[in-house]
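The values are calculated or read from the model by the stated rules, or taken from the named source; none is laboratory data. Remember, it's a predicted structure, so these values are computed and weren't measured experimentally. Here the Cβ positions follow ideal geometry from the backbone for every residue, glycine too, while neighbour counts run over all protein chains shown.
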Amino acid sequence: MWFVLALLSALFAALTSILAKVGIENVNSHLATAIRTVVVVGMAWGMVFLTHAQNGLSSINKRSWLFLILSGLATGASWLCYYKAIQIGDVSKVAPVDKLSVVLTLILAFVFLHEQFTAKSLIGCLLIAAGTLLMVL
């Protein structure tokens, strides 16, 4: 099931880029990011209440709060940079560079989370990086 959800995530991320590029025309990129964020917040809280997950809010510990807030700040920074990048550049070039986050995530997961980094991971990272360069140049 995780694979199907991951594929759907990729599909929606692709649609996000295309829809955003069209929607951001003649709109300040920061304003566009804020509008998008309000929609995402509404969807996320809608799912929380739809699934009755709001009951777990009081049981979140301080460490989890800290890292969820930091993750939110990183997401916000990513979105602000991405929207500005697609506003001034081609989505077909910005999106592949943005996907270098996969390589960076694998490296950071190895360093900070002590996840396994195999020869297969290394080859995959090199291929993603090479593919990105090939698409951008």
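Pull up region 58-96, narrow it to residues that are of a type in the set (D, E, K, R) and assigned to a helix (DSSP H, G or I), then point me to the one that is farthest from Val136 (Cα to Cα).
The selected residue is Lys62.
Among Val111, Val103, which is the only one that is part of a helix (DSSP H, G or I) and free of Cβ contacts under 8 Å to residues at least 12 places away in the same chain?
The unique qualifying residue is Val111.
Against the condition modelled with pLDDT of 95 or more, exposed (fewer than 13 other Cβ atoms within 10 Å of the Cβ) and of a type in the set (Lys, Arg), how does Lys62 come out, does it pass? Before you say what the answer is, go through the steps one by one.
On the way: modelled with pLDDT of 95 or more: yes; exposed (fewer than 13 other Cβ atoms within 10 Å of the Cβ): yes; of a type in the set (Lys, Arg): yes.
In short, yes.
Any idea which of Gly46, Gly56, Gly23, Gly42 is touching a helix residue (DSSP H, G or I) at 6+ places or on another chain (Cβ under 8 Å), without any contact (Cβ under 8 Å) to a residue 12 or more places away in the chain and more than 30 Å from Cys125 (Cβ to Cβ)?
Criteria check complete, one pass: Gly23.
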